[in-house]
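Chemist: Please find one structure pasted underneath; my questions will follow.
Coordinate-derived values only; no laboratory data. This is a predicted model, so every value here is computed, not measured. Heads up, the Cβs are rebuilt from the backbone with ideal geometry, glycines too, and the neighbour counts pull from every protein chain shown.
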Amino acid sequence: MFTPEQIAQFSELDYAIYDYVVKHPHEVVYMRIRELAEAVHVSPPTVLRFCKKVGCDGFSEFKTKWKLHLRESEQTSIISSQEALREFFERTMTADYERAIREAAAAIARADHVIFVGSGSSGILAEYGSRYVSAFQKFSVYIKDPFFPIYGHYFDNCAVIALSVSGETPHTLAQVHRFKEKGGTIISITNRKHCTLASISDYNLTYYATPERTGQTDVTTQLPVVYLLERLAKEMYRMLPNRTAEGGTQPQSR
């Protein structure tokens, strides 16, 4: 409701109104402009100027937007983990999706090394994916720093696995662009097919989970991502040359 840019422009009186609105969210929607002005010890014109600073033509529009904001913030849409997995498999486990998984796994197998990127909960899973892929004889790292310098031959023939629920995370997109400029093969795992990250990737796996929120926090399930990471690692491992069932590699003949 209040953007950082708007808050930065607040005067001392604006901050007083803002503080009252945040601390008395449900009372404000039933107040008249004079009642709010008296509660904050300011004049009605001051309240009106505050409303205009936050993008509203008047106090009535401000109350309408504030009421919608409260309603959206209080909505809770949570589904069970079993339902989330069932939904994922029903939507994605087709012959075409299986082919997409195998093609992405083949690209990982051909790469000299694998780099994972992601932020927030996707970053946590990226770190897990890096550890899991490394366990299957493919050197892999997770780059946490979005400003990590990317140059030199160390990034030649690398597969980049980028994780993002929305596919629009600025830091992740910036990292992927830099790897793409260096010739890296981009494999993305997103919750939406039509997003920037998917469009700039060589391979994309979309899991189509129903968005879930508690208040302003995104709690969309990440179970499909864990499945895809482990599935990719195992499919990739089956494609590696010179591997053994015990996990070592056969010595090459000379």
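Chemist: For every helix of n ≥ 4 consecutive DSSP H residues, a contribution of -39,500 (n - 2.57) applies; sum these over the chain, divide by its total residues, and give [θ] at 222 nm rounded to the nearest 500 deg cm²/dmol.
Modeler: Per the formula, -15500 deg cm²/dmol.
Chemist: Here's something else I'd like to know. Might you report the magnitude of the Cβ-based charge dipole of segment 130-204 about its Cα centre, with Lys and Arg at +1 and Asp and Glu at -1, to the nearest 20 debye? Mind showing how you got there, number by number?
Modeler: On the way: 8 positive and 5 negative charges, 33 e Å.
That gives a dipole near 160 debye.
Chemist: Do you know the relative contact order of the chain, to the nearest whole percent, from alpha carbon pairs under 8 angstrom that are 6+ apart? Please list the in-between numbers first.
Modeler: Details: 352 pairs, mean separation 46.8, N = 254.
Reported relative contact order: 18 percent.
Chemist: While we're here: Can you pull the Kirkwood radius for segment 20-168, inverse mean 1/r over Cα pairs, to one decimal in Å? The partial results should precede the final answer.
Modeler: Working: mean 1/r = 0.0487 Å⁻¹.
Value: 20.5 Å, from the Cα pair sum.
Chemist: At q = 0.18, 0.22, 0.30 Å⁻¹, what is the log10 ratio I(q)/I(0) for segment 131-189, with the Debye formula run over Cα points and no solvent?
Modeler: Log10 I(q)/I(0), no solvent term: -0.65, -0.96, -1.43.
Chemist: Which order, highest average first, do 105-111, 188-194 follow once you tally other Cβ atoms within 10 Å for each residue and take the mean per peptide?
Modeler: Details: 105-111: 19.1, 188-194: 20.9.
Highest mean packing first, the order is 188-194, 105-111.
Chemist: What number do you get for segment 186-239 when its Cα radius of gyration is normalised by 2.2 N^0.38 Å, N = residues? Could the numbers behind the result be given before it?
Modeler: Numbers: Rg = 13.0 Å, N = 54, 2.2 N^0.38 = 10.0 Å.
Ratio of Rg to 2.2 N^0.38 Å for segment 186-239: 1.29.
Chemist: A further question follows. With only Lys, Arg, Asp and Glu charged, each at its Cβ (+1 for the first two, -1 for the last two), find how big the charge dipole of segment 23-83 is about the Cα centre; round to the nearest 20 debye.
Modeler: Magnitude of the dipole: close to 340 debye.
Chemist: Would you be so kind as to identify which of Phe89, His69, His26 lies farthest towards the positive end of the dipole of the chain, taking Lys and Arg as +1 and Asp and Glu as -1 on Cβ and the Cα centre as origin?
Modeler: Sorting the options by dipole projection puts first Phe89.
Chemist: Once both axes come from the Cα atoms, what is the angle between helix 81-92 and the longest principal axis of the chain, in degrees from 0 to 90, rounded to 10?
Modeler: Compared with the principal axis, the helix lies near 60 degrees.
Chemist: Report relative contact order for segment 97-212 in percent, whole number only (criteria: Cα-Cα under 8 Å, sequence separation at least 6).
Modeler: 25
Chemist: If you don't mind, another one. Give the distance, in whole Å, between the Cα centre of segment 142-183 and the Cα centre of segment 207-236.
Modeler: For segment 142-183 versus segment 207-236, the Cα centre distance is 20 Å.
Chemist: So, one more: Treating only the Cβ atoms of Lys and Arg (+1) and Asp and Glu (-1) as charged, compute the dipole magnitude of the chain about its Cα centre; round to the nearest 20 debye.
Modeler: 520
Chemist: Number of Lys-Lys pairs in the chain under 22 Å by Cα, sequence gap 8 or more or different chains?
Modeler: 17
Chemist: If you take all C-alpha pairs in the chain, what percent of them are over 28 Å apart?
Modeler: 50
Chemist: Right, here's the next one. Percent of Cα-Cα pairs more than 14 Å apart in segment 1-75, please.
Modeler: When every Cα pair of segment 1-75 is considered, 58 percent fall beyond 14 Å.
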